[in-house]
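Chemist: Before anything else, here's the structure in question.
The values are calculated or read from the model by the stated rules, or taken from the named source; none is laboratory data. Since this is a predicted model, take the numbers as computed values, not measurements. Every residue, glycine as well, gets a Cβ built from its backbone with ideal geometry; the counts of neighbours run over all protein chains shown. SASA here: full protein model, heavy atoms, side chains in, ligands and nucleic acids out. Shrake-Rupley method; radii C 1.70, N 1.55, O 1.52, S 1.80 Å.
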Amino acid sequence: MNRKPTIRDIAKLAGVSDTAVSLAFRDNSRLSEKTRARILAISRELNYFPNRPARALRSGDSTAIGFIVTDITDPFYSRMIRSAETIALECGYSILFAESGWDPEKEVRAVSDMIESRVRGLLMCFCEKAPQSMPLIERSNLHLIAVDTYPRDYRGPYVANDVEAAGYMAAEHLLAVGCRAPAFFNATESMSSFSSFSLLLRGFARCLRERGITFGDSSVVNADLTIEGGLQGFARLTASGRRFDGVFCVNDLCALGAIEAAERTGRRVGKDIAIMGIDNLEMSGVSRISLTSIDQPYDRIIELAARAMISSIEENEPCSIRRRLKPSLVIRGSTGLAGAPAAG
């Protein structure tokens, strides 16, 4: 057979109805085991697979859960996606992924696609630039749980990181290792107002001010969430003549760029200057890098969110979970200094 086989081809060869073929692909069907085995054997021989999205559209019995992330290239989002899929499969569900790329139009389109695909619920990492997404979700009556962070005006269920506590923790650590003029490398200017980044900065600044350390706008650099952003941010701060002896970066990738930039100027990271990030990526623990980082429990976040979502779907009850998980500090060599003179 040169063309793609259809359900009718399978039914004709098996001597059954189209409905019987459809039932054969369900774990609990009314078909006899003999008939079901015959249909499945013919299907395997012809390399036939059922069109599950189409079947869900007809029957309304989709087992798919949508998961929209902001940046699929970010290592911690990739980790969350794998964990979500593992939990969903254990419970008889599948995960349908999409990425917004921090683009409001892409986010709205991704939400629309999820609704059209008849997902049963939506795990959502909001990009915070698209207020149109929420009305779409509300009109669809989808189960929704915000994951990682959420917009300031969001009042629904969530499982998130306590990013303000993470910022405070980072400042405490830099002070403890002797820094007295720390800087903060934020996201780009267009993204720095997002709740996760503004809360991170707020916690960092609050700790410093409580300890009597002067910290103002000149100590904040709009870098980016990338290695290149860290490189450029460090270069700009150095060129400004601003005195600084420590840097807390908005993520580990940015911190890796800052480390590279510092080394290019001859400053020894962990001796002349302290640099740290947040996310605790696997590569951050490599001895050549040895980056101090704030660990956020992403595996636990997605586990709580996915299981709460599945429970809500199966009980046909609104999601009610509201959890904010505490971070932890992982100290490595990049903040090993104690009382070193400020760079700049």
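Chemist: Name the single residue, out of those in segment 86-120 being without any contact (Cβ under 8 Å) to a residue 60 or more places away in the chain and of a type in the set (Lys, Arg), that is most open to solvent (accessible area, probe 1.4 Å).
Modeler: The qualifying residue most open to solvent (accessible area, probe 1.4 Å) is Arg109.
Chemist: Quickly run through segment 169-196 and pick out the residues that are out of contact with any strand residue (DSSP E or B) (no Cβ under 6 Å at 6 or more places or on another chain) and over 16 Å from Thr335 (Cβ atoms).
Modeler: Ala187, Ser190, Met191, Ser193, Phe194, Ser195, Ser196
Chemist: Applying the selection to segment 247-300, what residues are of a type in the set (Phe, Trp, Tyr) and over 17 Å from Ala235 (Cα atoms)?
Modeler: Answer for segment 247-300, where residues must be of a type in the set (Phe, Trp, Tyr) and over 17 Å from Ala235 (Cα atoms): just Tyr298.
Chemist: I would also like to ask the following. Looking only at segment 155-176, count how many residues are farther than 30 Å from Val269 by Cβ and either surrounded by fewer than 17 Cβ atoms within 10 Å (Cβ to Cβ) or among the small types (Gly, Ala, Ser) (or both).
Modeler: Within segment 155-176, residues that are farther than 30 Å from Val269 by Cβ and either surrounded by fewer than 17 Cβ atoms within 10 Å (Cβ to Cβ) or among the small types (Gly, Ala, Ser) (or both) number 3.
Chemist: If you take the residues of segment 61-85 that are part of a loop (DSSP other than H, G, I, E, B), open to solvent by 50 Å² or more (accessible area, probe 1.4 Å) and of a type outside the set (A, V, I, L, M, F, W, C), which of them is nearest to Ser284 (Cα to Cα)?
Modeler: Only one residue fits best here, namely Thr73.
Chemist: Determine whether Glu107 is closer than 22 Å to Cys249 by Cβ, part of a helix (DSSP H, G or I), of a type outside the set (A, V, I, L, M, F, W, C) and modelled with pLDDT of 85 or more.
Modeler: When the stated conditions are applied, Glu107 does not pass them.
Chemist: Please state which of the following conditions Leu231 fails to meet, knowing it meets all the rest: (1) among the aliphatic types (A, V, I, L, M); (2) open to solvent by 30 Å² or more (accessible area, probe 1.4 Å); (3) in a helix (DSSP H, G or I).
Modeler: Among (1) among the aliphatic types (A, V, I, L, M); (2) open to solvent by 30 Å² or more (accessible area, probe 1.4 Å); (3) in a helix (DSSP H, G or I), the lone unmet condition for Leu231 is (2).
Chemist: Restricting attention to segment 19-35, report how many residues are open to solvent by 40 Å² or more (accessible area, probe 1.4 Å) and over 41 Å from the mean Cα position of the chain (by Cα).
Modeler: So the count comes out to 4.
Chemist: Can you pull out every residue in segment 134-154 that is among the β-branched types (Val, Ile, Thr) and open to solvent by less than 10 Å² (accessible area, probe 1.4 Å)?
Modeler: Ile137, Ile145, Val147
Chemist: Okay, next question. Report every pair of residues separated by at least 6 positions or lying on different chains whose Cβ atoms are under 7 Å apart, first residue within segment 178-205 and part of a helix (DSSP H, G or I), second of a type in the set (Phe, Trp, Tyr).
Modeler: Once the first residue is part of a helix (DSSP H, G or I) and sits in segment 178-205, its partners that are of a type in the set (Phe, Trp, Tyr) give Ser195/Tyr150; Leu201/Phe184; Gly203/Tyr168; Phe204/Tyr168; Phe204/Phe184; Phe204/Phe248; Ala205/Phe215.
Chemist: In segment 234-252, what count of residues is obtained for those that are touching a helix residue (DSSP H, G or I) at 6+ places or on another chain (Cβ under 8 Å) and surrounded by 24 or more Cβ atoms within 10 Å (Cβ to Cβ)?
Modeler: Final tally of qualifying residues: 7.
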